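What follows is one structure encoded as structure tokens, with my remarks underneath.
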Amino acid sequence: MRNHTLQIIKGDITKIKADAIVNAANNSLMGGGGVDGAIHRAGGPEILEDCKKIVAHRGECRTGEAVVTTAGNLPAKYVIHTVGPVWNGGEKGEPELLYNCYRNSLMLANGHQCKTIAFPNISTGVYRFPKPLAAEIAQRSVRDFLENSEHQISEVIIVCFDDENYKINREMV
Ligand code: APR
């Protein structure tokens, strides 16, 4: 019997006290707008310093992949940066790539002994991924991981910043 929960809440992910919070980054890892901007602003320059070291060492972060940095001044222990797919009609592997964002972030969090992890609605802002499909993929990827992998994660939180995502994700959980 596995004791883990998936919660959907409305809020600002920079305020969430999870072991890891996930950032919807871009391939350069150099920051941006949306949740990326919010996390760097709230977390401070240490996060960007870590991102620069990662890029110097192993190059940009590929879409669907995830990397981990300090959380700086945030209440979390780690920020996991993952790069979601830009929506391009849905026939270019976007669904699989989005699924991988959640899975790879969970694997990385688990590898860093995290018990709780919070996600934004990856790719549903600037990257224009349709919200209903993104929500279905996110929740399926999280459930697949929680139910079928060896892990110590007890709580996954999907933090919806906008009302539309909140409604869609609540109705789907
Ligand atoms: N907390 C939680 N979620 C947030 C926050 C926040 N503080 N701010 C924005 N969001 C939500 C948006 O409402 C959206 O639902 O994050 C979701 C993802 O939107 P974006 O941040 O635009 O991310 P994405 O669509 O994945 O595009 C990534 O945007 O900011 C740039 O550098 C980033 O190039 C990358 C691109």
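The values are calculated or read from the model by the stated rules, or taken from the named source; none is laboratory data. Predicted model only: the values in this text are computed from it and were never measured. All Cβ positions, glycine included, derive from the backbone under ideal geometry; neighbour counts span all protein chains shown. The accessibility values were calculated without ligands, DNA or RNA, using every heavy atom of the protein model including side chains. Shrake-Rupley method; radii C 1.70, N 1.55, O 1.52, S 1.80 Å.
Remarks
- Calculated accessible area for the chain comes out at 48 Å² per residue, all protein chains present (probe 1.4 Å; ligands, DNA, RNA ignored).
- Paramagnetic reach from Asn148 (point 7 Å along Cα→Cβ, amide N under 20 Å) across region 90-107: 93-107
- Bridgeable lysines around Lys52 (alpha carbons under 17 Å apart, same-chain partners fewer than 8 residues away excluded) are absent.
- Projected label points at Asn27 and Lys115, each 7 Å from Cα along the beta carbon direction, are separated by 3.9 nanometres.
- Average Cα contact separation per residue, the chain, under 8 Å, 6 or more apart, as relative contact order %: 31
- Calculated [θ] (222 nm, deg cm²/dmol) that DSSP helices of n ≥ 4 give over the chain, each run adding -39,500 (n - 2.57): -13000 deg cm²/dmol
- In the context of the full protein assembly, Arg143 retains an accessible surface of approximately 90 Å², using a probe radius of 1.4 Å and ignoring ligands and nucleic acids.
- Rounded, prolate or oblate (a/c below 1.5 giving rounded, otherwise prolate when a/b exceeds b/c) for the chain by Cα gyration tensor: rounded
- Solvent-accessible area assigned to carbon and sulfur over the chain amounts to 52 percent, based on a 1.4 Å probe.
- Choice from Asn26, Asn73, Asn121 showing the highest fluctuation, given a GNM over the chain with Cα pairs closer than 10 Å: Asn73
- Axial C-alpha extent at least 18 Å, average Kyte-Doolittle at least -0.5 - helices from the chain (DSSP): 45-58, 94-111, 131-148
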